[in-house]
Structures are given as C-alpha cells and as structure tokens.
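Data first, discussion second: the structure below is written as structure tokens.
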Amino acid sequence: AEAVAAAVEKCAEDTKGQTCFICTRALHWKTNEGLVRGCSCRGTAGFAHVSCLAEQAKILIAEAVENNLFDKANEQWLRWHTCSLCEQDYHGVVRCALGWACWKTYVGRPETDSYRCCAMGGLGQGLESAGHYEDALTVREALLSTERRVGASEESILVTRGGLANTYSALKRDEEALSMRQGIYSAYLELYGEDHGETLRAANNYASTLLDLGRLKEARSLLRKTISAAQRVLGEGHRLALKMRWNYAKALYKDDGATLDDLREAMGMLEDTVRTGQRVFGGAHPITKGIEFHLRKARAALRARETPPRSA
C-alpha cells in the first residue's frame, strides 16, 4: 500500500484527468487508489492502477498454467514489469509498486515454487529501481540463498547473481560488483556463446563496472567487441544496444588522454543515441535523460579542447 501511494503521488501531475486503460475508471473501484504511468507510453495511453496491472498479470499467468501452456505463462510474466501497450519496462516507483504487488501474490507458495522465486527477483528489481538499495540487497541475497538451497538451475542463479551485482554497483561496492560480473560474463560465454542476449547483457554490465572503476580502456575494448553484435541480434532501438553505445561514448570522452577525434566520436554517438532514446522511450524516460546528461558533458569536454587558451 505504501509503495502504491508513493507511485500515485509521483505520477499525480501526469495522470490528471485520465482513466485506467484496464478498468476505465479514474479511481480504483476497490482500493480507491489513483493512477500511475511509469513506462514509455505517451499522450493519453498507458495510464492504469497498480492493482489493475497486478490483477491482469495474475489472471493471465493463472490461465496459461491452468491450460498447461507453460511457455505462454513465462511470456505473460512480463506483465509484472513490462507495459502491454508500449512493451517497455516500468521504472522507478511504479516498478517498485508492481514488485511489491507481485511478491504479495506469490509469497504464500513453497520456497521451491519457481514463481515465488521470480516474484522475489521482481521485488528486488523494483526496490532498486526506486532507489531502495539496502532493501534490494537484502532481498537479492535472500533469493540467492534460497535458489542455492533448493537446487535452482545454473541459468536462474546467474540471473540472480547479476541482479545482486547491480545492487553492489548501486551501493558503490564496485570491486565486489566487478568480481561477480566478470564471473557471470565468463559463465554466459561458456553457456551460450558471445552473440546471445544474456551474454551481451553481462558484457555491458561488466563494462559498466569497469567504467565506474576508471578502467576506461578495458571497458572500451570489451564494448567495441560487443556493440555490433548487440545491434545485429537485438536491433539498434533495443535498450541494451543503446546502453552499450552510451557506455562506449562515456569511456571515450571521460578518458584524460582522449584525442579530439575521440571526443567528436563520443559526441556524435551520444547525439545519435539520444535521438533513438527519445523515439523509443520518450524524453522523460530515465535512459533518455541519462544519455542527454552525458551528451552535455561530452560537448563541454569537446568545447574545452577546441577553444584555444587565452594569451597572457
């Protein structure tokens, strides 16, 4: 309830005069909660109640399981964190509220139940998305312990370790994050090969931590090998492909030894990435805002290098 209230308050200005695309009401008929929109929908699309989104996800998954359509159920799990209209992830306090709703739905199941584990992972991601990093750490450590105890698959444990490494990075525990992400990347390379989506995601996360530690040349080298594969496999508009190019540009312009050509390449890449981000996610999305911030930084670095020093 607290998470929903925080999400409704955060979205209040955006949702004025709108109705839920699921129940078509302004206020939820049962909980009396207001509307949220934390995806990439624009205009009058995408407004909903957290309770309606949660009930929709719960019903869709239950129907698929009841009909033994387990692949379909796995697809429907996306509804817990991805908008069905724009097909982009929810973020911030809306993602957090959905994480709590998901956990509330499946918490009563045995700890060996796969959906209970998935719900715990969703809660950890939601808490982190809203900036509750210490709470996210507690949840993700508990999930990793549970999965090891019940004998979860190597793939599931790798996903959980990846989430835990993200939380370490958010808490500025970069050395711990680097060690974990290096191992995760190596494991995915062995499991799936270098062109698989999970391998590419692990490579970007590894490069991101190298950036945080100032190891810019190593980050550039890794990203140079993987950016083209990400664009080919996922498409240029995919969030991971955008993040890779964003990280590569940061590794270029932040380098004290960067040449003018490096700075121009970084600025050009960020300009192109901003345009793609605005088209795919909208101008208000955290990814777009983050790229815009680094574009301003890259422009400033380039101007400082191009401007000749004043004479005495």
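The values are calculated or read from the model by the stated rules, or taken from the named source; none is laboratory data. Quantities reported herein were computed from a predicted structural model and do not represent experimental measurements. Counting neighbours? That spans all protein chains shown, and the Cβs are built from the backbone with ideal geometry, glycine included. The protein model used for the area step is the full one, side chains on, heavy atoms only, and it has no ligands, DNA or RNA in it. Shrake-Rupley method; radii C 1.70, N 1.55, O 1.52, S 1.80 Å.
Candidates GLY151, GLY214, GLY162, GLY126: the one that is over 27 Å from ASN74 (Cα atoms) and open to solvent by less than 70 Å² (accessible area, probe 1.4 Å) is GLY214.
Output yes when any residue across the range 92-101 is of a type outside the set (Gly, Ala, Ser) and either assigned to a loop (DSSP other than H, G, I, E, B) or modelled with pLDDT under 95 (or both), and no when none is. No. Of the residues making up the range 260-293, those that are in contact (Cβ under 8 Å) with a residue 60 or more places away in the chain and touching a helix residue (DSSP H, G or I) at 6+ places or on another chain (Cβ under 6 Å) number 1.
Only one of the numbered conditions (1) β-branched (Val, Ile, Thr); (2) at pLDDT 95 or above; (3) not in a helix (DSSP H, G or I) is violated by ILE61, and that is (3). In a residue-by-residue description of the range 291-312, the property of being closer than 24 Å to THR209 by Cβ, at pLDDT 90 or above and touching a Ser or Thr at 6+ places or on another chain (Cβ under 7 Å) applies to at least one position. Restricting the range 248-261 to residues that are assigned to a helix (DSSP H, G or I) and over 15 Å from ALA300 (Cβ atoms) leaves a set whose member that is farthest from the chain's Cα centre (by Cα) is ASP261. From the list ARG305, ARG296, the lone residue that is over 24 Å from TYR206 (Cα atoms), touching a residue at least 12 places away in the same chain (Cβ under 8 Å) and open to solvent by 50 Å² or more (accessible area, probe 1.4 Å) is ARG305. Residues in the range 33-58 that are in a loop (DSSP other than H, G, I, E, B), among the hydrophobic types (A, V, I, L, M, F, W, C) and within 23 Å of CYS118 (Cα to Cα): 1 in all. Summed over the range 177-197, residues that are at pLDDT below 95 and under 17 Å from the mean Cα position of the chain (by Cα) total 1. For the structure I just gave you, tell me whether GLU2 is at pLDDT 95 or above and out of contact with any Leu (no Cβ under 9 Å at 6 or more places or on another chain). Answer is yes for this residue. Being of a type in the set (A, V, I, L, M) and open to solvent by 10 Å² or more (accessible area, probe 1.4 Å) is a property that does not hold for VAL94.
Within the range 130-147, restricting attention to residues that are open to solvent by 40 Å² or more (accessible area, probe 1.4 Å) and either touching a residue at least 60 places away in the same chain (Cβ under 8 Å) or polar (S, T, N, Q) (or both), the residue that is farthest from CYS96 (Cα to Cα) is SER145.
State all residues of the range 36-54 that are in contact with a His (Cβ under 9 Å, 6 or more places away or on another chain), open to solvent by 10 Å² or more (accessible area, probe 1.4 Å) and either among the hydroxyl-bearing types (Ser, Thr, Tyr) or more than 16 Å from ALA130 (Cβ to Cβ) (or both); if no residue qualifies, say none. Once the filter is applied, which keeps residues that are in contact with a His (Cβ under 9 Å, 6 or more places away or on another chain), open to solvent by 10 Å² or more (accessible area, probe 1.4 Å) and either among the hydroxyl-bearing types (Ser, Thr, Tyr) or more than 16 Å from ALA130 (Cβ to Cβ) (or both), the range 36-54 yields SER51, CYS52.
Within the range 220-239, residues that are open to solvent by 60 Å² or more (accessible area, probe 1.4 Å) have Cβ atoms under 7 Å from residues that are assigned to a loop (DSSP other than H, G, I, E, B) in these pairs: VAL233/ASP195, counting only partners at least 6 apart in sequence or on another chain. Selection of the range 1-32 for residues being within 27 Å of HIS132 (Cα to Cα), open to solvent by less than 20 Å² (accessible area, probe 1.4 Å) and part of a loop (DSSP other than H, G, I, E, B) yields only HIS28.
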